[in-house]
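Chemist: Dumping the structure here so I can ask a few things about it.
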Amino acid sequence: RLTPMYALVIAFVAFILPCIGTGPDWYYVRLMSQATRRLWWSQLLYINNYAGEMKTIGRNSPKSGMYDTWYLACDMQMFWLSPLLIYPLWKWRKAGLIWVIFCLLTLLGASTIPFITIPDIPLALLGVNL
């Protein structure tokens, strides 16, 4: 239900939005529009948070396209992966619970590895505001 309307928003940002306004930040809008024209396929496949330019340029850059839609990609990817946890838990209660706990502990362990192995991690990544 979301994808057709999302495609219309992508088309609007890519082709119509740069033509309907002016202002001091309009260069930023034009850059975002050009990037959206270039990366429209990654948005429609809901992989725009893994698209090459977003990872190298950064999320808040206009060259990464419609960066505000990263949540739609994350939500869709979690929706695709959720049967790997839900189906075993529904079909085989005890084995499914063991599987879910194993997956959660594995992901928790994998997410702590950068904090252990990188000695000078920037404070911004830790959420510290100076």
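Computed from the coordinates by the stated procedures, all read-outs in this text should not be read as laboratory data. Note that the coordinates shown come from a computational prediction; the quantities given were computed from them, not determined experimentally. Here the Cβ is made from the backbone with ideal geometry for all residues, glycine too, and neighbour counts use every protein chain on show.
Chemist: Could you order the peptides 109-116, 37-44, 88-95 from most to least packed, using the average number of other C-beta atoms within 10 Å per residue? It would help to have the intermediate numbers written out before the result.
Modeler: Numbers: 109-116: 9.5, 37-44: 16.9, 88-95: 11.5.
Ranking the peptides 109-116, 37-44, 88-95 by packing returns 37-44, 88-95, 109-116.
Chemist: Could I ask something else about it? Can you order the peptides 78-84, 99-105 by their average number of other Cβ atoms within 10 Å per residue, highest first?
Modeler: Working: 78-84: 10.3, 99-105: 12.3.
My ranking of the peptides, most packed first, is 99-105, 78-84.
Chemist: Which length gain, in nm to one decimal place, applies between residue 74 and residue 102 when the Cα-Cα distance is subtracted from 0.36 nm times their residue separation?
Modeler: Details: separation 28, 0.36 × 28 = 10.08 nm, distance 2.17 nm.
Between residue 74 and residue 102, full extension yields 7.9 nm more.
Chemist: Take the alpha carbon gyration tensor of region 70-118, find the square roots of its eigenvalues, order them as a ≥ b ≥ c, and report rounded if a/c is under 1.5; if not, report prolate when a/b exceeds b/c, else oblate. Please report the intermediate quantities before stating the final value.
Modeler: Working: a/c = 5.43, a/b = 1.27, b/c = 4.27.
Oblate is the answer for region 70-118, as a/c is 1.5 or above yet b/c matches or exceeds a/b.
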